[in-house]
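Following: one structure in structure tokens, then a few remarks.
The values are calculated or read from the model by the stated rules, or taken from the named source; none is laboratory data. Here the structure is a predicted model, which means the values were calculated and not measured. Here the Cβ is made from the backbone with ideal geometry for all residues, glycine too, and neighbour counts use every protein chain on show.
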């Protein structure tokens, strides 16, 4: 008898895994839902560089809005990886997204795909006028607005103030001047036994390459997409010359060949190790290169507009992040309150002072508190105002991949056939643009 | 009506198989068939106005006219051939070594498995550091502390491609070694004893006994490695992102870009289906051409 019962138990045990699995499958279904009169909104964010500042900001919001609870979901740090995660959720019409970050190049894509909610009703013209123009243009698609800009980025030239002073140079106005100065400083420094390169930037095959190359092309009077015809301008002389200049005078010359593998962090490393005279990067590099704990050149850094070619004018690629609201959100009102809060004067000010991020509201560029912490902002306002967006298209990711491939092929091989590569990239870009017409 | 015990057991067995079949259907057949279905449509996520248009084999026609796809296909083939060859070769050598009796063999056997145990993303990151242009180990080995000669290996199309092959060979040779070691252990010792009595030297023993008896295992290692190598993705994703100049762009990475970055669901699926078909055909070929004996049970 006893024996029988035991064997029954044993037999039951055999099915234990099966029972467990069924239990696990059934589990989410009967998860208890907590009753609460608070509205929960879900905020999809990248991994921030300054988590403590974000903690403070969210703390203020919850204190002032006791009826709203914010759940933050943190995604990857890299823009491309974050894009893949976020679009995956939006593709599936996930209800778990209310508010999300958008990189400056995404609004047309998110608008056309129907993922981002048009905000015209909540974000009127009168309010939009208070933001930098470029940031509003970047968030507008077919006359409707899809995001509220939170902070802005643009390409800048960082230089070693001490070295330029020592050799009697002013910050370069043209790319040729920069090459000349870099060459001379490197030569003399090397005679003194110091190992240094002239220039550092981002030339790996990825999004940053498009920003870097665009700045050369535009500052030579070229265009990636021609304004009048809306077609590729890559095969025109100014664009071809600019690309050739990067291949022949920058890569492997004043810049180490390694820049072909560099994204932002690697290029900045070279600079803050004191191994580069010039660096092309985004404003965040200012704070880090002047931090004596991270940088060997703290206090020796200067910042300037990017150079241009003779006869052209300086252009910076426009970067920065916006907040959007999902079309599939159930809590649009609460979501909007959150977005309005994050992009308000005082939070942008706090963010600028504590995280060094450049605000999008024009008036903040006259704010003594911000300028005290970030003296370079006063000077950079010009650059921000003239910053130029990358091609605006819902198919921008496809265009970017074509550009990345073209630029990488053109500059990483000293014998590349630039005309041929440009022609084939142009054909593909025009084919993509035609799809959206 | 009485059901015989045998039938009852068969029914019971069939019932027990249902969950497993369901599992395979849901997680293997459905995704594959759905990919094939998607690949016959034009779906551009950011242009919903275009809808889901059925275009039959249109995407496939485009694929074979797409120079970048063909280039990445060629890259993939090159990668597969070179890396698989070295992996099986090194695997064989490693297996022969750790099959012998020596002091500390257990330790060495465990150590051999370490590369295989490390997740590819982690080892890719490690290799990226090893090939770094400023502090990489490779530079240190070649040039010591003479930093002025350090090279940017991953900036050079040829070396970047080689680096990916090397990283893959490093990681998966141990897997091949493991399979081959199991094969070695199945060879009866008497054969070697008899051969030795007949006066065969080590080379003869290897040629006439070890190699023929290892054939089925070598085949399995080849199949596994070839199919796995075709699906190479993480190495490229972490180490080079397909660059420089598209020299390390492989089919899976290209498909990922199309699908996840560009939102071309139809065309992206077409690339996935191509990878699937190629691996399937390769497996069939191996079994038909090399392994015909194996399948009939005579090795």
Counting only residues that are buried (at least 18 other Cβ atoms within 10 Å of the Cβ) and either more than 11 Å from chain A (Cβ to nearest Cβ) or under 22 Å from the mean Cα position of the chain (by Cα) (or both), the stretch B:130-153 contains a total of 2
Filter the stretch B:238-271 for residues that are assigned to a helix (DSSP H, G or I) and over 23 Å from residue B:32 (Cα atoms); the one that is farthest from the other protein chains (Cβ to nearest Cβ) is B:238
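Results for (1) in contact with a helix residue (DSSP H, G or I) (Cβ under 7 Å, 6 or more places away or on another chain); (2) touching a residue at least 24 places away in the same chain (Cβ under 8 Å); (3) surrounded by 22 or more Cβ atoms within 10 Å (Cβ to Cβ); (4) more than 14 Å from chain B (Cβ to nearest Cβ), shown as yes or no for each residue.
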position: A:157; (1), (2), (3), (4): no, yes, yes, yes
position: A:168; (1), (2), (3), (4): no, no, no, yes
position: A:178; (1), (2), (3), (4): no, yes, yes, yes
position: A:186; (1), (2), (3), (4): no, yes, no, no
position: A:190; (1), (2), (3), (4): no, no, no, no
position: A:216; (1), (2), (3), (4): yes, yes, yes, yes
position: A:230; (1), (2), (3), (4): yes, yes, no, yes
Can residue A:363 be described as touching a residue at least 24 places away in the same chain (Cβ under 8 Å), in a helix (DSSP H, G or I) and within 14 Å of another protein chain (Cβ to nearest Cβ)?
no
Heads up, the helices (runs of 4 or more DSSP H) in the stretch B:1-93 (entirely inside) with at least 1 residues that are touching a helix residue (DSSP H, G or I) at 6+ places or on another chain (Cβ under 6 Å) are B:30-38, B:58-65
Requiring at least 2 residues that are within 24 Å of the chain's Cα centre (by Cα) and more than 20 Å from residue A:153 (Cβ to Cβ), the helices (runs of 4 or more DSSP H) wholly within the stretch A:237-318 are A:237-245
task = State whether one or more residues within the stretch A:96-117 are outside any strand (DSSP E or B) and over 24 Å from residue A:80 (Cβ atoms).
result = no
Residue match in the stretch A:274-283 (condition: in contact with a helix residue (DSSP H, G or I) (Cβ under 6 Å, 6 or more places away or on another chain), crowded, with 23+ Cβ neighbours inside 10 Å and either within 14 Å of chain B (Cβ to nearest Cβ) or free of Cβ contacts under 8 Å to residues at least 24 places away in the same chain (or both)): yes
Of those in the stretch B:32-53 that are surrounded by fewer than 17 Cβ atoms within 10 Å (Cβ to Cβ) and over 26 Å from residue B:279 (Cα atoms), the residue nearest to the other protein chains (Cβ to nearest Cβ) is B:48
A careful count of residues in the stretch A:319-358 that are surrounded by 23 or more Cβ atoms within 10 Å (Cβ to Cβ) and in a helix (DSSP H, G or I) gives 5
ask   = Hey, does the stretch B:210-221 have a residue that's free of Cβ contacts under 8 Å to residues at least 24 places away in the same chain and surrounded by fewer than 16 Cβ atoms within 10 Å (Cβ to Cβ)?
value = yes
Subset of the stretch A:50-73, residues surrounded by 14 or more Cβ atoms within 10 Å (Cβ to Cβ) and under 22 Å from residue A:265 (Cβ atoms), comes to A:50, A:53, A:54
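Quick grid of which residues meet (1) free of Cβ contacts under 8 Å to residues at least 40 places away in the same chain; (2) facing chain B (nearest Cβ under 9 Å):
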{"site": "A:378", "(1), (2)": "yes, no"}
{"site": "A:385", "(1), (2)": "no, no"}
{"site": "A:397", "(1), (2)": "no, yes"}
{"site": "A:400", "(1), (2)": "no, yes"}
{"site": "A:404", "(1), (2)": "no, yes"}
{"site": "A:410", "(1), (2)": "no, yes"}
{"site": "A:414", "(1), (2)": "no, no"}
{"site": "A:419", "(1), (2)": "no, no"}
With the structure loaded, tell me whether residue A:133 is without any contact (Cβ under 8 Å) to a residue 40 or more places away in the chain, closer than 25 Å to residue A:363 by Cα and more than 10 Å from chain B (Cβ to nearest Cβ) or whether it fails that test. no
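Could you look through the stretch B:217-237, keep only residues that are outside any helix (DSSP H, G or I) and more than 14 Å from every other protein chain (Cβ to nearest Cβ), and pick out the one that is farthest from residue A:405 (Cα to Cα)?
B:231
Within the stretch B:65-76, is there a residue that is more than 14 Å from every other protein chain (Cβ to nearest Cβ), surrounded by 11 or more Cβ atoms within 10 Å (Cβ to Cβ), more than 29 Å from residue B:221 (Cα to Cα) and at pLDDT 90 or above? Reasoning before the result, please.
Just the residues of the stretch B:65-76 that are more than 14 Å from every other protein chain (Cβ to nearest Cβ), to begin with: B:73-74, B:76.
Those still in the list that are surrounded by 11 or more Cβ atoms within 10 Å (Cβ to Cβ) too: B:73-74, B:76.
Filter once more, so that each one left must be more than 29 Å from residue B:221 (Cα to Cα): none.
There is no residue in the stretch B:65-76 that is more than 14 Å from every other protein chain (Cβ to nearest Cβ), surrounded by 11 or more Cβ atoms within 10 Å (Cβ to Cβ), more than 29 Å from residue B:221 (Cα to Cα) and at pLDDT 90 or above.
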